[in-house]
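Engineer: Handing you this structure, nothing more for now.
The values are calculated or read from the model by the stated rules, or taken from the named source; none is laboratory data. Treat the numbers as computed from the prediction; the structure is a model and nothing was measured. Because the Cβ atoms are built from the backbone with ideal geometry, glycine has one as well, and the counts that use them run over all protein chains shown. Please note that ligands, DNA and RNA were not included when accessible areas were found on the heavy atoms of the full protein model with its side chains. Shrake-Rupley method; radii C 1.70, N 1.55, O 1.52, S 1.80 Å.
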Amino acid sequence: MKISKTAQSVSASVTMAVTARAKQLKAEGVDVVSFGAGEPDFDTPDFIKEKAIEALKAGATKYSPAAGNLELRKAIAHKLKEDNNLTYEPSQIVVTVGAKHAVYEAIHAIVDPGDEVLIPTPYWVSYPEMVKLVGGVPKIVETRPEDGHKLTPELLAASVTDKTCLLILNSPSNPGGFCYSPDDLKALGAAIAKTNLAVISDEIYEYLIYGDMKFQSFADACPDLYDRTVTINGLSKAYSMTGWRVGYTASPKDAAQAIGGMQSHMTSGPAPFCQLASIDALKQGQADIAKMHAEFARRAKHICTRLNEIDGVSCPEPTGAFYAFPDVSATYAKLGVKDSVEFCNKLLEEAKVACVPGIGFGCDNNVRLSFATSMEQIDLGLDRIKAFIETAC
Ligand SMILES: Cc1ncc(COP(=O)(O)O)c(C=O)c1O
């Protein structure tokens, strides 16, 4: 069959590949510790499930409006005002099938074929592929560990050409849980203001932020750029609702119309009972978020401390999300591997621990460990990684 050049240009997700191999080994009875998960290990809170069941029984089984249920869009606008100091009318919100599709639609709404899109490393695996899907050119900007793996105004200025139309920012980030402070955002905003760039600010890990770091929405930190910003968020990570597929975009009206118009031809609104339950999640989910947050904060500290105790491993403390992103490149020669893919393959086959190669996020010196798994599994996995690295001859 003929396969389009666009489809051929897209690489399979390395995150999914490792998770699939670990699952296959587990199915064969092998005792694998998986640090591959991209989703919280908690169940969706019961009150949200009950609301969805109620909605189903009440007949919420038919198409919803293409841009999403109006009550949910009002609840999202309310959340953005209360939590983020951002003013959006419900007509500026599009409820999407997960935040993943929100990012894709936002890129599609902004990027023309040949346009360049700035993507700072380390980046979420899907961003460059989504840019390619719409005919854009991903322009990867190498950030530096000494800058906290964050894009600086200087790097931004040096990377923009007359073809660059968009910057994708993600804070707290996947991978690594790196966060831009309010001051970082303001400084970056000042540099962006001197260009014509639009910004997609992916804030899906907003509530998972630890220590002294404070979350601020990009459009709030840089109000002058409100008209050029699409804010992305969703229910997946904060409420442990990854399978429900509810995300959203909040944007200027012209972008919301473009995104909603495309969505009406691509997916229509998400399942109506998932949207109705999401209204309650947004209104009453804070206590559940707080419980999950406390546990993730505890794990973030623990995993980072233990990783730094391993010879040749260096891990910045994750200040958000549920991922650690250690640099393991000092172990490559000793282990006889040349890159992060070989490191992860050897680790999985010999020590039965699944991690995600950093190359999928643009950093071949690193691997990603998700700590969305129990403390027992974290400790077992780290014991194995330590033995794997320290006993290698
Ligand atoms: C940075 C980032 N953005 C967006 C998403 C997509 O979220 P959703 O499950 O709502 O599609 C993910 C999921 O892993 C992510 O890590």
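Engineer: How many of the residues in region 316-338 are more than 18 Å from Gly381 (Cβ to Cβ), part of a helix (DSSP H, G or I) and touching a residue at least 40 places away in the same chain (Cβ under 8 Å)?
Structural biologist: 1
Engineer: Of the conditions (1) modelled with pLDDT of 95 or more; (2) in contact with a helix residue (DSSP H, G or I) (Cβ under 9 Å, 6 or more places away or on another chain), Tyr205 clears all except one; give me its number.
Structural biologist: (2)
Engineer: Could you identify the single residue in Asp212, Asp288 that is modelled with pLDDT under 95, out of contact with any helix residue (DSSP H, G or I) (no Cβ under 7 Å at 6 or more places or on another chain) and buried (at least 18 other Cβ atoms within 10 Å of the Cβ)? Steps first, answer last, please.
Structural biologist: Numbers: Asp212 fails: buried (at least 18 other Cβ atoms within 10 Å of the Cβ).
Checking each option against the conditions leaves just Asp288.
Engineer: Then there is this: Those residues that are without any contact (Cβ under 8 Å) to a residue 60 or more places away in the chain, of a type in the set (D, E, K, R) and more than 16 Å from the ligand (Cβ to nearest atom), I need them from region 130-180; list them, please. Don't jump to the end; show me each part of the working.
Structural biologist: Applying the first criterion (without any contact (Cβ under 8 Å) to a residue 60 or more places away in the chain) to region 130-180 yields 130-131, 134, 136-139, 141, 143-144, 146-147, 150-167, 169-170, 180.
From the residues that got through so far, the ones that are of a type in the set (D, E, K, R) too are 139, 144, 146-147, 150, 154, 162-163.
If the condition is that a residue be without any contact (Cβ under 8 Å) to a residue 60 or more places away in the chain, of a type in the set (D, E, K, R) and more than 16 Å from the ligand (Cβ to nearest atom), then Lys139, Arg144, Glu146, Asp147, Glu154, Asp162, Lys163 are the ones that fit.
Engineer: Shifting gears a bit: Which one of Ser181, Ser171 is surrounded by fewer than 19 Cβ atoms within 10 Å (Cβ to Cβ), under 18 Å from the mean Cα position of the chain (by Cα) and not aliphatic (A, V, I, L, M)? Walk me through how you get there before you give the answer.
Structural biologist: Working: Ser171 fails: surrounded by fewer than 19 Cβ atoms within 10 Å (Cβ to Cβ).
Matching residue, one of Ser181, Ser171: Ser181.
Engineer: Any residue in region 100-111 that's over 11 Å from Val134 (Cα atoms) and not assigned by TED's automatic domain parsing to the domain that holds Met266: show its pairings with residues that are more than 7 Å from the ligand (Cβ to nearest atom) and open to solvent by less than 10 Å² (accessible area, probe 1.4 Å) at Cβ separation under 6 Å, as long as the two are six or more apart or on different chains.
Structural biologist: none
Engineer: Ala392 fails exactly one of the following numbered conditions: (1) open to solvent by less than 40 Å² (accessible area, probe 1.4 Å); (2) touching a residue at least 60 places away in the same chain (Cβ under 8 Å); (3) closer than 18 Å to Lys23 by Cα. What is the number of that condition?
Structural biologist: (3)
Engineer: Please verify whether region 45-68 includes one or more residues that are outside the structural domain of Gly234 (by TED's automatic domain parsing), within 16 Å of the ligand (Cβ to nearest atom), surrounded by 14 or more Cβ atoms within 10 Å (Cβ to Cβ) and within 28 Å of Tyr323 (Cα to Cα).
Structural biologist: There is at least one residue in region 45-68 that is outside the structural domain of Gly234 (by TED's automatic domain parsing), within 16 Å of the ligand (Cβ to nearest atom), surrounded by 14 or more Cβ atoms within 10 Å (Cβ to Cβ) and within 28 Å of Tyr323 (Cα to Cα).
Engineer: Right, next: Scan region 344-369 for residues that are of a type in the set (S, T, N, Q) and open to solvent by less than 20 Å² (accessible area, probe 1.4 Å) and jot them down.
Structural biologist: Across region 344-369, the qualifying residue is only Asn366.
Engineer: Just to be sure I understand the filter: pairs with C-beta atoms under 6 Å, separated by 6 or more residues or on different chains, first member in region 5-28 and more than 21 Å from Tyr123 (Cα to Cα) and free of Cβ contacts under 8 Å to residues at least 40 places away in the same chain, second member in a loop (DSSP other than H, G, I, E, B) and open to solvent by less than 90 Å² (accessible area, probe 1.4 Å). Which pairs pass?
Structural biologist: Between residues of region 5-28 that are more than 21 Å from Tyr123 (Cα to Cα) and free of Cβ contacts under 8 Å to residues at least 40 places away in the same chain and residues that are in a loop (DSSP other than H, G, I, E, B) and open to solvent by less than 90 Å² (accessible area, probe 1.4 Å), the close pairs are Lys26/Val32.
Engineer: Let me ask something else. Take the residues in region 79-124 that are away from the ligand (no atom under 16 Å from the Cβ) and within 20 Å of Lys237 (Cβ to Cβ), then tell me which one is farthest from the chain's Cα centre (by Cα).
Structural biologist: Looking at the filtered set, the residue picked out is Glu82.
Engineer: Restricting region 92-148 to residues that are among the acidic types (Asp, Glu) and part of a helix (DSSP H, G or I), which is surrounded by the most Cβ atoms within 10 Å (Cβ to Cβ)?
Structural biologist: Once the filter is applied, the top-ranked residue is Glu105.
Engineer: Answer with yes or no whether Val341 is away from the ligand (no atom under 16 Å from the Cβ), in a helix (DSSP H, G or I) and open to solvent by 10 Å² or more (accessible area, probe 1.4 Å).
Structural biologist: Judged against the criteria, Val341 is a match.
Engineer: What are the residues in region 23-55 that are over 21 Å from the mean Cα position of the chain (by Cα) and among the hydrophobic types (A, V, I, L, M, F, W, C), if any?
Structural biologist: Leu25, Ala27, Val30, Val32, Val33, Phe47, Ile48, Ala52, Ile53, Ala55
Engineer: Can you spot a residue in region 57-79 that is farther than 16 Å from Pro272 by Cβ and of a type outside the set (D, E, K, R)?
Structural biologist: For region 57-79, residues farther than 16 Å from Pro272 by Cβ and of a type outside the set (D, E, K, R): present.
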